[in-house]
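The values are calculated or read from the model by the stated rules, or taken from the named source; none is laboratory data. Fair warning: this is a prediction, and the values are worked out from it, not measured in the lab. All Cβ positions, even for glycine, are placed from backbone atoms using ideal geometry, and neighbour counts span all protein chains on display. Note: areas computed on protein heavy atoms with side chains; ligands, DNA, RNA excluded. Shrake-Rupley method; radii C 1.70, N 1.55, O 1.52, S 1.80 Å.
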Amino acid sequence: MRLLLVEDERALAAAVGRGLREEGHVVDLCETGEDALAQGRRLSYDAILLDWGLPDLDGLSVLRAWRREGLQTPVIMLTARDAIPEKVAGFEAGADDYLPKPFAFEELLARLGAIARRAGGAAVLRTEAGDVVLDVRRRALARGDAEVTLTAREFDLASAFFGHPGDVLTRGELMTRVWGPDFDGEPNVVDVYVGYLRRKLGHLASARTRIETVRGLGWRLVVAR
Ligand code: CA
């Protein structure tokens, strides 16, 4: 699954993130409510793990804002607050599940498993754009019987595009998204990888789904009619 983990306690975030990646999930981390709000809008996730107590905007406000905007991603609230009124507030705000801290990692996995099953399993592991499928489990692009596998970077880049077909993604956004906010290498690494991804899309012989350059802005995934 593609997961967004929102947690400001660094040690906990690192441990949970590592555990989830070892289970084969793709995990993005946000440490503040504002970052989480933006990240949840920017990319589509299969589930979001949302801490209640954050340094700026609390998790409940973040969740309310997402739901108001129509975001339907399943959200598991993580919190030390175990009191009934707060639990009720969480569910009323649109939480799908609630996990009091401290929790056993196995329990988190079990709850994620339940969410994946409710979502229909296969649906959360594939994203389609036109006639091309991004297959999360196989880390590949597929069209009919043809398939090309992606490197980890290419996969993250493809996920950004497939999560937002039609939207312009800037070089800066892609760099932060795929290489991380602390990356200080050459910005044109993004251009290079967009080139790799284009070539792989080209191997699928699909003229319909392609990455288009939007001059001066960035790129977008387009599906020709
Ligand atoms: Ca916290």
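For the reader, a short list of remarks on this structure follows.
- Of all residues in the range 5-21, those being β-branched (Val, Ile, Thr) and outside any helix (DSSP H, G or I) number 1.
- Contact map, the range 101-120: residues that are assigned to a helix (DSSP H, G or I) paired with residues that are among the acidic types (Asp, Glu), Cβ distance under 8 Å, separation 6+ or inter-chain. Pairs shown: 109/23; 111/97; 114/97; 115/46; 115/96; 115/97; 116/46.
- Residue within the range 70-93 that is of a type outside the set (Phe, Trp, Tyr), touching a strand residue (DSSP E or B) at 6+ places or on another chain (Cβ under 7 Å), under 21 Å from residue 25 (Cβ atoms) and open to solvent by 50 Å² or more (accessible area, probe 1.4 Å) present: no
- The set of residues from the range 22-65 being part of a helix (DSSP H, G or I) and either in contact (Cβ under 8 Å) with a residue 40 or more places away in the chain or in the same structural domain as residue 177 (by TED's automatic domain parsing) (or both) comprises 42, 59, 62.
- Test: residue 113 is in the same structural domain as residue 53 (by TED's automatic domain parsing), open to solvent by less than 30 Å² (accessible area, probe 1.4 Å) and within 29 Å of residue 79 (Cα to Cα): yes
- Qualifying residue in the range 112-125 (condition: within 16 Å of the ligand (Cβ to nearest atom) and farther than 21 Å from residue 155 by Cβ): no
- Failed item in (1) surrounded by fewer than 21 Cβ atoms within 10 Å (Cβ to Cβ); (2) within 14 Å of the ligand (Cβ to nearest atom), with residue 59 passing the rest: (1)
- Scanning the range 64-76 for residues that are within 16 Å of the chain's Cα centre (by Cα) and farther than 20 Å from residue 129 by Cα, we see that the one that is farthest from the ligand (Cβ to nearest atom) is 74.
- Qualifying residues in the range 17-56 (those that are of a type in the set (Ser, Thr, Tyr) and away from the ligand (no atom under 13 Å from the Cβ)) - the one surrounded by the fewest Cβ atoms within 10 Å (Cβ to Cβ): 44
- Listed conditions (1) assigned to a helix (DSSP H, G or I); (2) of a type in the set (Asp, Glu); (3) within 24 Å of residue 17 (Cα to Cα) are all met by residue 184, apart from (1).
- Restricting attention to the range 125-165, the residues being assigned to a helix (DSSP H, G or I), closer than 14 Å to residue 44 by Cα and not acidic (Asp, Glu) number 8.
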